[in-house]
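Notes for the one structure printed next.
The values are calculated or read from the model by the stated rules, or taken from the named source; none is laboratory data. This is a predicted model, so every value here is computed, not measured. Cβ coordinates were reconstructed from backbone atoms using ideal geometry, including for glycine residues, and neighbour counts include every protein chain displayed. Side chains are part of the model used for accessible areas, which takes the heavy atoms of the whole protein and leaves out ligands, DNA and RNA. Shrake-Rupley method; radii C 1.70, N 1.55, O 1.52, S 1.80 Å.
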Protein chains: 4
Amino acid sequence: MNNSKQQQKGRVVRGMVGVGQLKSADEARLVRELVSSGSISDPSSPRGRLIGAAARLFQDKGFALTTVRDIAAEVGILSGSIFHHVKNKEELLCAIMLEVTRLAKARMTAAIEQQTHPRDRLLACITCELEAIHGLAVPGFPILVTEWRCLSAENQAKVLAEREQYESIWLQELGQRPPDCGVADPQLARRLLLGALSHTHSWFKPRGRGLTMKMLAEQALLTVWPNSHH
Amino acid sequence: MNNSKQQQKGRVVRGMVGVGQLKSADEARLVRELVSSGSISDPSSPRGRLIGAAARLFQDKGFALTTVRDIAAEVGILSGSIFHHVKNKEELLCAIMLEVTRLAKARMTAAIEQQTHPRDRLLACITCELEAIHGLAVPGFPILVTEWRCLSAENQAKVLAEREQYESIWLQELGQRPPDCGVADPQLARRLLLGALSHTHSWFKPRGRGLTMKMLAEQALLTVWPNSHH
Amino acid sequence: MNNSKQQQKGRVVRGMVGVGQLKSADEARLVRELVSSGSISDPSSPRGRLIGAAARLFQDKGFALTTVRDIAAEVGILSGSIFHHVKNKEELLCAIMLEVTRLAKARMTAAIEQQTHPRDRLLACITCELEAIHGLAVPGFPILVTEWRCLSAENQAKVLAEREQYESIWLQELGQRPPDCGVADPQLARRLLLGALSHTHSWFKPRGRGLTMKMLAEQALLTVWPNSHH
Amino acid sequence: MNNSKQQQKGRVVRGMVGVGQLKSADEARLVRELVSSGSISDPSSPRGRLIGAAARLFQDKGFALTTVRDIAAEVGILSGSIFHHVKNKEELLCAIMLEVTRLAKARMTAAIEQQTHPRDRLLACITCELEAIHGLAVPGFPILVTEWRCLSAENQAKVLAEREQYESIWLQELGQRPPDCGVADPQLARRLLLGALSHTHSWFKPRGRGLTMKMLAEQALLTVWPNSHH
DNA sequence: TATGAATGAGTATTCATTCAT
DNA sequence: GATGAATGAATACTCATTCAT
């Protein structure tokens, strides 16, 4: 990383109070609003704890390799009791994906609002998604990509509908880039970026030293918005 | 894709005889050599047909959701006969990953040799990997990413050892880029690129009209080597 | 059996109300105590019925030739349900061996207590073991010998630990014999006797006429305590 | 074993040149005769090596747990080739039992001929059987007891017919005992002895120090012929 | 005789799901 | 809402046996 110095400087100048990251007070308020509007389950409710536990396990071991007994044990109930809260194992997966999508959407919307400069707004999107992928804010986000095909077509449609707005935010922000930023088509840029960011789940350690998440976000930004086009 | 025209022009000028793609005669010779050296199984042998069928199914339905009965049916034998050629379902996965890696490595080496300009060589790498991901040349390549965690630690180590050379080619080629190409660190650039390319498997249709694979390769190249730095 | 008359006389004189055998009331109380202390499963509980059925089948057909389907059919459940109560087929075998050992130990202890003369006490041991071997009181006892090697080393250790006390009773009683009783070493005498008694399982019919179990016990006693040394 | 000294003395006095044991020249001649008469297979012939290997494995792991592949590997052929020499896995077991019985019979006959005193003759029987059980002379003998029930009724009858003479030798020798030797009935004495001797397979180490096989044989003799009745 | 690929019925075990209590 | 016993279909894997070469 021979040019990391100048990039770090850039980051410090632009995003003073946490690029794309929300203050923990905002974070909490956001969750509270989503819960009270019924968009996501209360994490402390039985259903919320069930979804949380399942999300953790699906992410770690995969949907197919996670047994309903594993999940029950994680929550502290017996396997039969799961089906009081959810019809199916698949419905559980679907519920996770829906809630994950809603939370990620709300977070990203909030994060963008705090930024005015298009580059900072895009950086905020990337940071939000990275935080989601690495479970810092939205537990279970990588499941959206890795376990997609475990969902029936019907359920895939449900999640896609929910996801549409999330993706349209991305497309809008990517559309604000100046010309000559590399991949011009926002749709294509988004897809390449989504793949790149999702895959960080398998190699990036957010707690590790060296490459921080902020640095990673800035580097990812460079793939669709090179430094030469500030 | 508002600036695709100028990019297409560039591509046509540089890589006249198929950027990164091998002639089918070369392709065949490559496979023959790998077979005769024992690196991969003869696709027409029982073991080769088994590996091929399993690769197809693992890619389509995932390792966990593919039963040995499915595989056997695909080959045209009974499920018990599978274990004549391979000890485990997991060993089958491992064998696929090893052979896929060897073939991809050989193809990429051959493709690079045909190019001299660093940018063309990197484009050849990307094209090779895209062709692999979309099953045009190396059936089963996406399994390497999607089913990685289904492998035991021991088998992961085996595949990693085999993969090392493949990745070092990437790092070397990425190291040939001029400064200011965005993500400077070759390792990081490779990881972001791998994620972006792998993910194309879930949305890009190579047979579809509009975005061709060549176009996709050039666009992917732009994420780590913008046009502004020819 | 030309000298059986004098032996019968001896038996009648010494052990009038059933040499070494417990009254059925005592028998029932013993089982109840072991159940309530958790040493053995309640024979009427699901687990108890499972263990009982498996013991019967393992004894008749052998561990390896008994399928879990056989066992399930015997209990009246489906094969999959077995693994609700026990982790493994082998763990089932282990559980049987442990419970069999505990019951045999308790019975022998109770039987010995009722006798004072060393010869009668040893005869009580022999009778107890014969009753166990022939399923009159401790169903599944022969399994301890015949299926021993089907147990993993780990489980063998568990059973051995449980069996130690049972065997030490034998050694103690065999140590009470007068000199010149043939095999002097209690350990060796026990081993020869165990083999002799175990093997009766394959030829002695307790219900048959002619040789009764009492007679058999007295004859077995003679191998380690000849009549000439009263 | 507090009286082992006097017993050892007794042994040395009576059976000077190996009680019950054959000289290795006699041993070899015996086998040669049996082979040439067709009673047993030539150990160096394909069938002989097959039977030998199977006997070893059946004895170590049990009939049910030994696969036909294990046997083939031991012989150095492939599993399919076994069925050129033998119709069934069970027929293989049956063949072993028949040959084992014939060899044991011949050995015991030869050993008895060398003794005149009834006690020595009986001791020779015991020693012969111990040698057989511990594989010193007749590999596979314990299988006769441990794997008996793996044989179909039909095959059991075949082996029983072959075994009859072997057992009648035992009965005859046990009938030569003086009165008051404990278990008077030769049939019963034989059965108890057979059990006791068979079981030594699971605890006696012929190579171990301390208790030698000769000592063990003498001790076993004491169970049916106490010292007090020389 | 030996090979090696294939068979097919069989094995233990798993697991999402149900339901009376 | 929770339990725990049971279901029943499915799973990976085994293995004696066959047979064309």
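Observations on the structure shown:
- In region D:158-177 there is no residue that is within 16 Å of DNA strand E (Cβ to nearest atom) and within 14 Å of another protein chain (Cβ to nearest Cβ).
- Between D:Leu34, D:Leu50, D:Leu92, D:Leu57, the distinction of being in contact (Cβ under 8 Å) with a residue 60 or more places away in the chain, in a helix (DSSP H, G or I) and either away from chain C (no Cβ under 14 Å) or away from DNA strand E (no atom under 12 Å from the Cβ) (or both) belongs to D:Leu34 only.
- Hey, C:Val145 within 8 Å of another protein chain (Cβ to nearest Cβ) and open to solvent by less than 10 Å² (accessible area, probe 1.4 Å) or not: no
- Residue selected from region D:181-230 under the condition part of a helix (DSSP H, G or I) and of a type in the set (S, T, N, Q), by the criterion farthest from the other protein chains (Cβ to nearest Cβ): D:Gln187
Residues are listed down the side, and each one gets a yes or a no for (1) within 14 Å of B:Thr223 (Cβ to Cβ); (2) in contact (Cβ under 8 Å) with a residue 24 or more places away in the chain:
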| site | (1), (2) |
| --- | --- |
| A:Val159 | no, yes |
| A:Ile169 | no, yes |
| A:Cys181 | yes, yes |
| A:Ala184 | yes, no |
| A:Arg191 | yes, no |
| A:His201 | no, yes |
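- Checking the stated criteria, C:Ala53 turns out not to satisfy the condition of being modelled with pLDDT under 95, out of contact with any helix residue (DSSP H, G or I) (no Cβ under 6 Å at 6 or more places or on another chain) and within 15 Å of DNA strand F (Cβ to nearest atom).
- Residue within region B:114-135 that is farther than 18 Å from B:Asn227 by Cβ, under 17 Å from the mean Cα position of the chain (by Cα) and open to solvent by 40 Å² or more (accessible area, probe 1.4 Å) present: no
- Looking across A:Gln187, A:Gln176, A:Gln219, one residue alone is surrounded by 19 or more Cβ atoms within 10 Å (Cβ to Cβ) and at negative phi. It is A:Gln219.
- If only residues of region B:65-88 that are within 13 Å of DNA strand E (Cβ to nearest atom) and within 14 Å of chain A (Cβ to nearest Cβ) are counted, the one that is modelled with the highest pLDDT is B:Thr67.
- In region D:100-113, of all residues being over 11 Å from the mean Cα position of the chain (by Cα) and under 24 Å from D:Ala55 (Cα atoms), the one that is surrounded by the fewest Cβ atoms within 10 Å (Cβ to Cβ) corresponds to D:Thr109.
- Looking only at region A:53-85, and only at residues there that are open to solvent by less than 10 Å² (accessible area, probe 1.4 Å) and among the hydrophobic types (A, V, I, L, M, F, W, C), the one that is nearest to B:Thr66 (Cα to Cα): A:Phe58
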